Amino acid sequence: MAYRGRPSAACERCRSRRMKCDQGVPSCTQCIRARADCPGYRNLLDLKFRDQSEEVIRHCRAPARKKRQDTSIATSSGDDSALAITSIPDSALVRSVQQGVAKRYIFANYVTGGSRCGHMKYLLPLIEDPRNTTVNTALDAVALAAVSNIRLSPHTMLRAQQEYTAALTQTNRALKDPIMCKTDDTLAAVVLLGIYEVITCTDDSYIDRWVKHVDGAAKLIEIRGSDQLTRREGLDMFTHLRTQIILSRIFQERYPSPILAQLNEEVEKYRDPGDRILDQLSTVVIRFSKLCADVKNKRIANPSEIIRTALSIDADLVSHLINVAPSWSYTTVRVPTLDGKYNTKAVWGSHYHIYGSIAAASMWNNYRSARIVVQELIYDTLRYLEGSRQRSTSTSINYPQQEELAGQCRQTIRQLSEDICATVPFHFGLTMGDDIFEDSLSGPMSASNSPAPVAVQSSFLTTSSSPSMSPNLPEEASLSDAEARPISMLNSSPMQSSQNLLSHLASPFELVGAGGFTLMWPLLVAANSGVAEDGLREWVITCLDKIGHSMGINQALSMAKLLREGMQSRAWLSPDHESPSHDT
């Protein structure tokens, strides 16, 4: 597929006469004036790509004798340009097709598409502007890298690296310009370069590289100021980056940026009222980021004060989602049992969730991840108090309230972790209307004592409201998604070739890449929680492997490797983290 640029949106009659068309419905003004039937308008997205597959195949299958004859004719004539004409187009055409397929993948999975796609729609107007060469070069690098990982193509990765180098040079040049550094094009390029690092990382240092890119994006957001919030693209990029910036500060136990906190307060007036839940939750999480920094720097030294502050933050997170708008709610689907056992390994536990959009699923998972971190801070502080008492006295004294609170923390963390796992089927393509729920989960989970996998008809599935550990929400019934694909998840070994991984699909790609990006960190937080059982960790590892191999995101493979190696320390804490060591 070759990208063809931005086509004309005019009707066929206006295009053929080169007249300006106002694109009126059902007929444009020019056709009305001419008393002619308006032929209608084309699907612009389909026109942006041209299928050149047959042309490439025809070139590759051309008789070798004819190719040699053409070359000899050109050489005998002494015309070097004729030789170039016969030798260059094949490779140039292949490169064009590769780039077109890669860009189509990014468009379908990140820019446009159904409820599981399009979380980076702000890229579309930037890409269509021919002046924004930096963001287009960065997009080419990301697209080629993702397709290279999926198809196991070193040659494509080499081209991706070349595009990345060019995009990095252009971005650095723009960052030195006081005007260019504030443009949406430059910030979008920084975002895409960060995504490239996520896609191509091959070692455990991915967190450090990710932190550096996030810090750079944070500085750009601060420089851009409130003006960025007045534009749709600027608002969407701010929302997209804000979560990563806050997560990075919690991971490093650093204080949140005062400018970011101020922008977070201002953004609500530019946001649709139904979407302000995003800003309200971010305000609470910024408070928690400050608490983590205060604990590390010993500005809050009293364990009782730490627990009180964390409990207040947790209560605020819950209260904001008690009466969330229907567009942000979800439906819980119960999995049937056979002889008291669940018949599918593709779902962890007894249920899974269906969301109206990937934005809603991401919001809920960020909320759950934040609450897990808050609850673990409370639990760790309680365990520290218990250890301090045991060291200071030889007698055993029971503190029922502390023990009860510790038990509540463990139960809440366990439920939140299971709810994160319940979002995996949605990200991997399952919908309420699927006739068959395929169950072919391979990997460590296949060795469990669960019954053999069987196909589960959707008619046996029953829906219920949100789980008890989460606020009660109204059911979301309007979940139709023409773009959604039936689930075919976790059904191939990580070591299979790309052809085997993708051969059973109608689409050339198995899973939605956007879902992988938004799902990785919540899965890591859930598996890395102190109460996660071994079976859940193994199941999450399998999911991360699937994201890495089927979506072309290498960072997921690095996360799976860390979990396999038994990483127990919380990913959001620095290696030198110490428990509170101060008197009550």
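Descriptive notes on the structure:
- Members of the range 264-279 found to be open to solvent by 80 Å² or more (accessible area, probe 1.4 Å) and not aromatic (F, W, Y), listed by number: E265, K269, D272, P273
- Pairing residues of the range 147-164 that are open to solvent by 30 Å² or more (accessible area, probe 1.4 Å) with residues that are of a type in the set (D, E, K, R), at Cβ distances under 8 Å and at least 6 apart in sequence or on separate chains, gives E163/D140.
- Cβ separations smaller than 9 Å between residues 6+ apart or across chains give no pair from the range 348-370 residues that are closer than 19 Å to S282 by Cα and open to solvent by 10 Å² or more (accessible area, probe 1.4 Å) to residues that are among the polar types (S, T, N, Q) and part of a strand (DSSP E or B).
- The helices (runs of 4 or more DSSP H) found entirely in the range 495-583 include none that carry 1 or more residues being surrounded by fewer than 16 Cβ atoms within 10 Å (Cβ to Cβ), in contact with a Lys or Arg (Cβ under 7 Å, 6 or more places away or on another chain) and modelled with pLDDT of 85 or more.
- Restricting attention to the range 237-249 and to residues that are among the β-branched types (V, I, T) and in contact (Cβ under 8 Å) with a residue 40 or more places away in the chain, the residue that is surrounded by the fewest Cβ atoms within 10 Å (Cβ to Cβ) turns out to be T243.
- Sole residue being in a helix (DSSP H, G or I), of a type in the set (A, V, I, L, M, F, W, C) and touching a Pro at 6+ places or on another chain (Cβ under 6 Å), chosen from I313, I286, I322, I307: I286
- Figure legend. Inter-residue proximity from the range 378-401: first residues farther than 26 Å from T412 by Cα, second residues modelled with pLDDT of 75 or more and outside any loop (DSSP other than H, G, I, E, B), beta-carbon distance below 7 Å, spacing 6+ or different chains. No pairs are indicated.
- Subset of the range 195-228 [open to solvent by less than 30 Å² (accessible area, probe 1.4 Å), more than 20 Å from T183 (Cα to Cα) and in contact with a Ser or Thr (Cβ under 8 Å, 6 or more places away or on another chain)]: C201, Y206, W210, V211
- Considering the range 100-213, the qualifying helices (runs of 4 or more DSSP H), each wholly inside and each with 3 or more residues that are more than 29 Å from A359 (Cβ to Cβ), run over 154-175.
- Residue, nearest to G530 (Cα to Cα), within the range 371-389, restricted to residues that are open to solvent by 10 Å² or more (accessible area, probe 1.4 Å), more than 29 Å from the chain's Cα centre (by Cα) and not hydroxyl-bearing (S, T, Y): D380
- Looking only at the range 253-263, and only at residues there that are open to solvent by 40 Å² or more (accessible area, probe 1.4 Å) and within 12 Å of A293 (Cα to Cα), the one that is modelled with the highest pLDDT: Y255
- Among (1) open to solvent by 10 Å² or more (accessible area, probe 1.4 Å); (2) touching a residue at least 40 places away in the same chain (Cβ under 8 Å), the one test that G234 misses: (1)
The values are calculated or read from the model by the stated rules, or taken from the named source; none is laboratory data. Since the model is a prediction, treat every value here as computed from it, not as a measurement. Every residue, glycine among them, receives a Cβ derived from its backbone with ideal geometry; neighbour counts consider all protein chains shown. Keep in mind that these areas ignore ligands, DNA and RNA; they rest on the heavy atoms of the full protein, side chains included. Shrake-Rupley method; radii C 1.70, N 1.55, O 1.52, S 1.80 Å.
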